[in-house]
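Please read the structure below before turning to the comments.
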Amino acid sequence: MSVLVLLLAGPLQSWGSSARFARRTTGQAPSKSGVLGLLAAAQGRDRTADPSDLAQLRFGVRVDQRGTRIRDYQTAHRPDTGEAMPVSERFYLADAVFVAGAEGDDDLIGELDRALREPAYLPYLGRRSCPPSRPVALGLRRETTLEAVLRREEWHAAEWYQRRHRNEPEVTLDCFLDAAEGDREVDSVRDLPLSFDPSHRRYALRGVTRRGVAVPNPKADPPDHDPMSALEGD
Amino acid sequence: MYLTRFRLNTARMGARKLLSSPQRMHAAVLAGFPELTSASSGEGRVLWRVDRGAKAKAFLYVVSQERPDYTHLVEQAGWPTLEGGWETSDYTPFLEKLTAGDVWAFRLTANPVHKVRTCDGQEDTKTTPHITQHHQAEWLLQRQEKAGFRVVRKAAGDPHPDGEGERELLVHDQRRLEFRKKRGDKSSVSLSAVTFDGRLEVTDPETLRRTLIHGLGRAKAYGCGLMTLAPSESWSR
């Protein structure tokens with residue numbers, strides 16, 4: 001088994017799993033359908049192509065920098081007729097950073113890694129207007145599990161954010177993982193893609209468990225260290 | 001052996017000059033020993049390290065065989081009107097007291113590197129710094145047994161069920177040092193230093209004594225390799 005690791009960071013991101021009609025909400029973390037859609041696009045798949053092989057990947061995301069939810073009140077007119085479009089409310093996460101991982105068999109993961117480095121369609125963070133600010137591909141990790149990768153990956157939050165937590169040598173980050181059997185407190189989210197076909201998008205329910213992982217803070221103040229106190233005065 | 005602590009006055013130009021160049025700091029540290037002919041004479045060499053804490057506090061630590069005189073440093077980069085200026089303690093009793101099983105908090109600034117073959121099949125290797133915290137921690141863990149200590153494992157109950165990140169070890173303050181050896185030199189020296197903080201258990205007192213006196217890793221002339229120990233209760237997370 002290998003794990004593909006992605007860094008999702010940008011000025012704006014938007015990951016709707018239940019957004020419909022004029023109110024386009026965003027979840028607090030990337031959705032599985034959003035990230036799989038990004039991977040399928042990188043591979044150059046058509047929207048009508050079957051995403052079931054991707055849907056089988058075990059998916060998890062870690063919240064490295066929470067970001068702020070902001071609301072945009074959007075009015076638009078058709079450029080040709082001047083006719084007003086429905087007024088819509090759009091929500092975004094500003095300044096958020098996530099690490100996402102997809103675990104699957106070596107061949108598929110290797111293929112996706114290559115696709116991410118030379119994407120057929122450029123990746124975006126949930127909505128076409130949200131470009132990533134750092135390279136999305138963090139590479140693949142071989143012979144490991146999704147949990148181990150999310151635990152081991154260093155903290156990718158911005159430096160100013162890490163410095164703001166300088167009193168914490170270790171920070172606990174939320175992880176949202178595909179639920180496994182035996183997990184307690186499983187939430188259901190409808191973001192497991194069955195079809196990305198624009199004429200009939202379909203999503204199935206997915207069980208999600210939340211876990212905290214502790215990662216070291218590289219910008220933490222070091223503990224006090226006084227070697228002289230160990231010596232007997234001379 | 002002696003352990004010396006010198007507090008640098010970071011408001012002074014002299015201190016800033018020293019802090020900005022490991023080459024100058026090295027010269028200033030050695031200038032405290034009038035009898036010393038080269039950096040590695042006799043038993044043990046002069047090791048030094050700069051600890052930069054919060055609030056512009058910077059301490060220079062020196063381990064040496066002779067007792068240093070840092071009057072010149074006080075005049076350049078210290079607080080000349082304050083009494084003392086630096087403190088030097090006899091290190092030998094402490095070193096002799098080390099026993100297997102002791103637990104100490106430690107700090108080490110080092111230059112963790114590995115050798116990389118630049119092309120397949122090529123004989124030459126290139127010395128390359130470790131970049132990620134994970135590899136840097138691994139670098140230290142690979143050397144611990146040979147250096148006479150073992151980094152303490154975290155107590156059970158910490159949220160680290162598998163083999164990763166379960167040691168009481170903190171890797172921080174990675175910095176890249178780049179400087180010229182002499183004024184006008186075309187090529188510059190470039191190295192990567194990182195500071196380890198953690199708790200260790202003494203496994204072999206004799207070897208650890210050697211590590212504390214002779215240093216660990218490369219770039220010892222440039223403020224790397226000096227490990228110091230402090231009471232383990234001071235290590236809090």
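The values are calculated or read from the model by the stated rules, or taken from the named source; none is laboratory data. Computed from a predicted model, the values in this text were never measured in an experiment. Cβ sites come from the backbone with ideal geometry, for glycine too, and all protein chains shown count toward neighbours. Note: accessible area is taken over every heavy atom of the protein model, side chains too, but ligands, DNA and RNA are not part of it. Shrake-Rupley method; radii C 1.70, N 1.55, O 1.52, S 1.80 Å.
Taken over region B:51-101, the percentage of Cα pairs per 10 Å bin, counting from 0 up to the bin with the maximum distance, is 19, 40, 29, 11, 1. What residues of region B:104-122 lie in the reach of a label at B:R218, counting those whose backbone N is under 17 Å from a point 7 Å from the Cα along Cα→Cβ? B:109-119, by backbone N distance to the label point.
With a cut-off of 9 Å between beta carbons, the residues surrounding A:D174 carry a summed charge of +4, where Lys and Arg count +1 and Asp and Glu -1. Normalising the Debye intensity of region A:1-103 to I(0), with uniform scatterers on Cα atoms only, and taking log10 at q = 0.17, 0.21, 0.25 Å⁻¹ returns -0.89, -1.11, -1.27. Could you pull out the longest piece of chain A with no exposed loop trypsin sites (Lys or Arg not before Pro) in it, calling a site exposed if DSSP puts it outside H, G, I, E, B and it has at most 15 other Cβ atoms within 10 Å? Longest run free of exposed loop sites: A:48-127. Calculation over all alpha carbon pairs of region B:184-237 in 10 angstrom steps from 0 returns a P(r) of 18, 42, 27, 8, 4 percent.
Semi-axis lengths, largest first, of the ellipsoid equivalent to chain A are 36, 23, 16 Å, with √(5λ) applied to each eigenvalue of the Cα gyration tensor.
Per-residue mean of other chain beta-carbon atoms within 10 angstrom of the beta-carbon, peptide A:208-221?
3
Dipole orientation for region B:98-234: of the candidates B:L212, B:V103, B:L170, B:L212 has the Cα lying most toward the positive pole (charges on Cβ; Lys, Arg +1; Asp, Glu -1).
For a protection proxy built on the mean count of beta-carbon atoms within 10 angstrom, sort A:97-104, B:26-33, A:6-13, B:82-89 highest first, please.
Listed from highest to lowest mean packing, they are A:97-104, A:6-13, B:26-33, B:82-89.
Near B:K220, once Lys and Arg are set to +1 and Asp and Glu to -1 for all other residues with Cβ below 14 Å from its Cβ, the sum equals +4. Near B:H72, once Lys and Arg are set to +1 and Asp and Glu to -1 for all other residues with Cβ below 14 Å from its Cβ, the sum equals +1. If you take the alpha carbon atoms of chain B and fit the smallest convex hull around them, that volume is 162 Å³ per residue. Using the Stokes-Einstein relation with a Kirkwood hydrodynamic radius computed over Cα pairs, the translational diffusion coefficient of region B:98-234 at 4 °C and a viscosity of 1.567 mPa s comes to 79 µm²/s. Working value for region B:2-94: equivalent-ellipsoid semi-axes of 21, 15, 13 Å, each the square root of 5 times a Cα gyration tensor eigenvalue, largest first. Label positions at A:Q74 and A:D46, each projected 7 Å from the Cα along the C-beta direction, are separated by 2.7 nm. With semi-axes defined as the square roots of five times the eigenvalues of the C-alpha gyration tensor, the equivalent ellipsoid of region A:55-173 measures 32, 23, 12 Å, largest first. Normalised per residue, the accessible area of region B:159-232 is 46 Å², obtained with a 1.4 Å probe and no contribution from ligands, DNA or RNA. Taking Cα atoms only, the orientation of helix A:106-117 departs from the longest principal axis of chain A by about 80 degrees. The mean number of partner chain beta-carbon atoms within 10 angstrom of a residue's beta-carbon across peptide B:107-113 is 1. Each Lys and Arg adds +1 at its Cβ and each Asp and Glu adds -1 at its Cβ; summed about the Cα centre, the protein assembly as shown shows a dipole of about 1700 debye. How big is D, in µm² s⁻¹, for the protein assembly as shown by Stokes-Einstein at 4 °C and 1.567 mPa s if Rh is the Kirkwood radius over C-alpha pairs? Here the translational diffusion coefficient equals 50 µm²/s. Between helix A:32-43 and chain A there is an angle of about 80 degrees, using the helix long axis and the longest principal axis of the Cα atoms.
When chains B and A come together, the accessible area they lose, probed at 1.4 Å and totalled over both chains, is close to 2500 Å². Take each residue of peptide B:170-176, count the partner chain Cβ atoms within 10 Å of its Cβ, and average: the result is 4. What FRET efficiency, computed as 1/(1 + (r/R0)^6) with R0 = 35 Å and r the Cβ-Cβ distance, is obtained for B:R117 and A:T145, rounded to the nearest 0.05? My answer for the efficiency is 0.70.
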